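Working notes for the structure below.
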Amino acid sequence: MKKTLVEFDHVGLRYNASGEALSDITFRLDEGSFHFLTGPSGSGKTSLMNLISLRLKPTRGIVKLFDEIVQTKDVDDLAGFRRKIGMVFQDFRLVEHLSAFDNVALPLRLRGDNEKSVKSDVRELMQWVGLGDHMDQRPETLSGGQKQRVAIARAVIDRPKLLLADEPTGNLDDVIGERLLLLFEQLNKLGTTIVIATHSQHLLDRFPHPRLNISRGTLINSGVMSS
Amino acid sequence: MIHSKHSPLSLPQTPAFRALWASQALLGFMGTLFLLFALALGARANVWLASMQNHVIFELPIETTNEKIDLSFSNVELKKLEQSIKKIDGLNNINGLSQDTIADRLDHWINNVKDLPLPLMVEAEASDDFKAKDALKTLRNDYPNIAIHEGREAMKDGLSQVLTLRLIAYFLVIVTILAGGAMSLTAAYWRLDVQKDVIDLLHSMGATKRYLITDLARSNFIQTLASAGTGLIIAIILLAIMWLLSGETRAQDIEILSQSHTLWALVIPFVLAIMAALATAVTIKMRYTAFIKRGE
């Protein structure tokens, strides 16, 4: 039986008094699964991603990650959980005064890896995502697609248990987008659980993984989700 | 800990960063000058005190009649005065000064000193038993015009002025450090504002609060130490140049660049840097909730 990696039980999220941005979200994701999170703009995809990545705290319900209820954990434990989650942001979130190489190396250096292994791991991955010739460039000199690839490389460099990607191929052409989805699939085969929020019908058609459909803050197909 | 050159929390080299750097260098420069000045004044005052505070001079003015200088005072009379003084308790090393010695001593201060009516003078070292009032009372029986000058008394006004100047210099050092503290606090807030996205990113990657505080405080410490240290080096170079150029004005006597004083001046950049690190740590601790605690 597969281990449950993410479990939401009647989770709600309220930003202000006007109403819930997410309501009654209940689902489970098994370890090693691959899901798309779909839904129209403003439906709550990013909010749900932020809840899973522990960037937001739910206003009600129970969130379990890696088989543990996160609401009972202290600050340091939550930091430990976050280190197991890779996140690709819609707006890249690259550190502007660091090179592409240093941006990708950030999770490894935060983890305390030695510089020799950091260099070889980062170079290998940057070659793979097609940025071998751009390693020393600052983000401001990179195109949108190149920035996206740096952001993706940074999210996957330390082989996270759970990878969350918010519109990761939004700035990429279909060929590069497919190539990155293949990278995600390879990581998934190595055991990483993956959730990708996307609008891209092309990707949804090309990569037939189960979907979490969200609309107006509510999951349409909730329950156990496994690949 | 990420090496500073790779640190996402090092400040980008913007004009605002350069202005902060220059301001901290200026504070380091001013703090160094004020501290060296205060230390030099203190040292000078101590030298004066050590050499003068036990020194007593007995002065018997020359008597003049009808604008004609009466030079009747002789070595015999000087010896007589010396003998009278030796009878007073609490005095050692009593030494009568010849007219030539007095003239030599006054030569730096008064022109054509040898044409003036010079007094009879006897110098001595006073112990704690010496009472100037009692001595004066005794001596005035034979020498009604005699005066006693105690080193401590003579130095009183000058010393008081020097000590006041030293106090002002120390006060300016404190003001400089407080200004540095206020600047560090402002810089810490500015830093949080400039780097909130990076802090949020690191937080979402699993960086702990302690890591963020330590790394930001360390980064601020190093940057302030470098800028204030530059100010210190400029101040020392400037003083050294002044020292070299001011041979004839005897500026060396101020002892402003002695080795121990220069070592003490190193305190300035370190104090400023420690204040910057503390201000950063406290600011982040207080503002942490507003920035990144939404998920906890």
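Per-structure values
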{"item": "Mean Cβ count within 10 Å, highest first, over the residues of peptides B:32-40, B:168-176", "result": "B:32-40, B:168-176"}
{"item": "Compactness of chain A - radius of gyration and Dmax, Cα, Å", "result": "17.3, 52"}
{"item": "Shielding by partners - mean other protein chain Cβ count within 10 Å, residues of A:102-112", "result": "4"}
{"item": "Buried area at the A-B interface (accessible, heavy atoms, 1.4 Å probe, summed, Å²)", "result": "2100"}
{"item": "Partner chain coverage, peptide B:204-216 - average Cβ within 10 angstrom", "result": "5"}
{"item": "Karplus 3J(HN,Hα) series, Hz, for segment B:130-138 with 6.51 cos²θ - 1.76 cosθ + 1.60 (x for Gly, Pro)", "result": "5, 10, 4, 4, 5, 4, 4, 4, 5"}
{"item": "Per-residue HN-Hα couplings for segment A:138-152 [Karplus 6.51, -1.76, 1.60; θ = phi - 60°; Hz; x = Gly/Pro]", "result": "7, x, 5, 9, 9, 6, x, x, 5, 4, 4, 5, 5, 4, 5"}
{"item": "Antiparallel DSSP beta bridges within the protein assembly as shown, percent to nearest 5", "result": "65"}
{"item": "Shielding score for B:174-180, defined as the mean number of other chain Cβ atoms within 10 Å", "result": "0"}
{"item": "Amide H partners (placed H, <5 Å) of A:ARG60, local residues excluded", "result": "A:GLY12"}
{"item": "Whole-percent carbon and sulfur share, accessible surface of segment A:55-124, 1.4 Å", "result": "46"}
{"item": "With Cα atoms, 0 to 90° folded angle of helix A:174-189 axis to chain A main axis", "result": "70"}
{"item": "Percent accessible area from carbon and sulfur atoms, segment A:129-224, protein chains only, probe 1.4 Å", "result": "44"}
{"item": "GNM result for chain A, Cα springs below 10 Å: residue of A:ALA79, A:ALA105, A:ALA197 fluctuating most strongly", "result": "A:ALA79"}
{"item": "Per residue solvent-accessible surface (Å²) - segment A:129-227, probe of 1.4 Å", "result": "44"}
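The values are calculated or read from the model by the stated rules, or taken from the named source; none is laboratory data. Bear in mind the structure is a predicted one, so any value in this text is a computation, not a measurement. Note: ideal-geometry Cβ built from the backbone for every residue, glycine included; neighbour counts use all protein chains shown. These area figures cover heavy atoms from the full protein model, side chains too; ligands, DNA and RNA do not enter into them. Shrake-Rupley method; radii C 1.70, N 1.55, O 1.52, S 1.80 Å.
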